[in-house]
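FYI, it's all coordinate maths here, none of it is from the lab. Note that the structure is a prediction, hence the values are computed from the model and not measured. Note that we place each Cβ from the backbone using ideal geometry, even for glycine, and neighbour counts take in every protein chain shown.
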Amino acid sequence: MIKIARIEAFLFRAEVQEPVKTSFGSIPRRSALLLRVEDKDGAHGWGEIWCNFPPFSADNKMRLLETVICPAALSGSYLDPPDAWHALSARVHRWAIQSAEPGPFAACIGGLDLALWDLAARRENKTLRSMLRGKATVDSIPVYASGLNPDTAQDAVARCREAGFRAFKVKVAFGSEIDTRVVSGLARDLRDGERLMVDANQGWDLVEARRSVRRLGEYGLGWIEEPIAADRPASEWAELALLSAVPLAGGENVMGYDAFATLIERGHHGVIQPDMLKWGGVTGAYAVGREAVMKGRSYCPHWLGSGIGLLAAAQVLAAVGGPGMLEHDVMENPLREALGQPFPRVKDGMFPMPNGLGLGLEPDIKASAGWLLNRAEYRSSD
């Protein structure tokens with residue numbers, strides 16, 4: 001039984017010299033919204049809430065935690081983390097509709113779910129992956145360098161290669177000339193055993209996507225991610241899957257068990273990429289990952305935030321098993337390492353899994369004090 005006694009929220013923001021550039025806009029600063037949840041016995045766990053875009057979306061979610069999510073969470077008792085996720089999702093369902101903000105509600109509950117899983121695993125003296133799987137799991141997982149901007153991709157790949165990465169993903173959908181030049185140059189310089197993927201971030205309409213998946217697919221890519229908007233009709237995804245010589249990827253902008261079950265069953269996505277901290281938390285992501293792998297797809301969880309979310313994605317991927325790769329943002333972000341200590345270092349294309357309890361890390365709040373914008377605490381009235 002879990003009875004939450006206290007929830008702390010920490011909002012961090014760091015300015016960076018090189019924004020992350022995407023087809024839908026840029027991310028000029030890096031934010032992180034963390035949760036520390038403590039039960040009545042003093043056990044604790046850490047969670048993170050998705051907030052990288054728009055640039056100040058974390059501020060909205062901080063107020064949502066204060067006014068709605070934390071009071072709801074503190075008022076109940078739960079059998080386990082999945083019970084809490086389902087109970088809270090049901091409780092706030094009408095509020096999310098009324099406010100026209102189902103995404104922020106889902107993100108806050110996803111972060112809380114992660115914190116409760118971390119707490120539960122620590123109480124059981126287990127790693128999160130062993131708590132999920134119930135048996136021995138892998139000690140390292142394949143990883144790829146993500147977030148590469150097209151105008152600095154060559155230098156970034158060289159830097160990431162030195163840091164141990166053997167797979168790389170670059171942003172596209174900046175115009176056919178730019179995309180072709182960047183992708184062809186990176187593909188030409190790949191070494192034996194290395195892989196290249198591209199992410200369009202929903203940047204093409206169907207007409208341009210038809211041209212682009214054929215053209216870019218000729219470079220032997222690992223996948224083409226989100227060539228069109230995530231909510232486009234299945235007929236459009238089906239057409240592009242047939243036209244592309246390489247798998248299509250997506251899932252970070254999909255919400256709900258039914259939506260993921262349909263996406264996996266249709267088979268137009270060869271690579272399934274749920275973002276557990278946009279929707280579902282560990283509870284939803286683990287279920288989606290298992291189903292994806294069982295149906296012959298690759299499971300590559302999406303993440304672009306601090307070290308807490310990165311380790312959560314890694315732990316779930318390790319529990320699900322392959323095939324799949326961990327998305328590791330490599331663009332400038334001082335919050336990534338500081339809010340996840342000890343931070344694992346990539347070696348030979350593999351991400352080493354920590355053996356500490358739960359997520360296997362703790363955020364260094366003191367070392368990150370210079371980036372802390374807001375801190376709040378909520379307690380149970382019991």
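List of remarks:
- The distance from the alpha carbon centre of segment 211-263 to that of segment 114-130 is 34 Å, rounded to a whole number.
- Cα centroid separation, segment 292-345 to segment 356-382 (Å): 20
- With contacts taken as Cα pairs under 8 Å and at least 6 residues apart, the chain reaches a relative contact order of 23 percent.
- Percent of Cα pairs exceeding the 33 Å cut-off, where the set is segment 131-352: 11
- Nearest 10 degrees, 0 to 90: helix 176-188 Cα axis against the chain principal axis: 90
- Dividing the radius of gyration of the alpha carbons in segment 74-134 by their Kirkwood radius gives 1.05 for Rg/Rh.
- In straight-distance terms, cross-link reach from Lys366 covers every one of the aspartates and glutamates whose alpha-carbon lies under 16 Å from its own, apart from those fewer than eight places away in the same chain; here that gives Glu8, Glu337.
- The stretch between Ala187 and Ala367, if pulled fully straight at 0.36 nm per residue, gains 60.9 nm over its current Cα-Cα span.
- Links that overshoot a 24 Å alpha carbon limit, given the list Lys169/Lys278; Lys171/Lys295; Lys135/Lys295; Lys3/Lys126: Lys171/Lys295
- Shape call, segment 292-382: gyration tensor on alpha carbons, a/c limit 1.5: prolate
- Dipole axis of segment 131-352 (+1 Lys, Arg; -1 Asp, Glu on Cβ), positive-most option in Val157, Cys300, Gly134: Gly134
- More than 32 angstrom apart: percent of Cα pairs within the chain: 29
- The angle between the Cα long axis of helix 102-123 and the main principal axis of the chain comes to about 70°, on a 0 to 90 degree scale.
- Chain lengthening between Ala234 and Arg345 when straightened (0.36 nm per residue, less Cα-Cα): 36.0 nm
- Segment 131-352: relative contact order as a whole-number percent, Cα under 8 Å and 6+ apart: 24
- Net charge of Cβ neighbours under 14 Å - reference Ala234; Lys, Arg +1; Asp, Glu -1: -3
- Pairwise Cα separations in segment 118-213 fall into 10 Å bins from 0 onward with the following percentages, short to long: 14, 34, 21, 19, 12, 1.
- Projecting the Cα atoms of Ala229, Ser146, Val320 onto the charge dipole of segment 131-352 (Cβ charges, centred on the Cα centre) puts Val320 farthest toward the positive pole.
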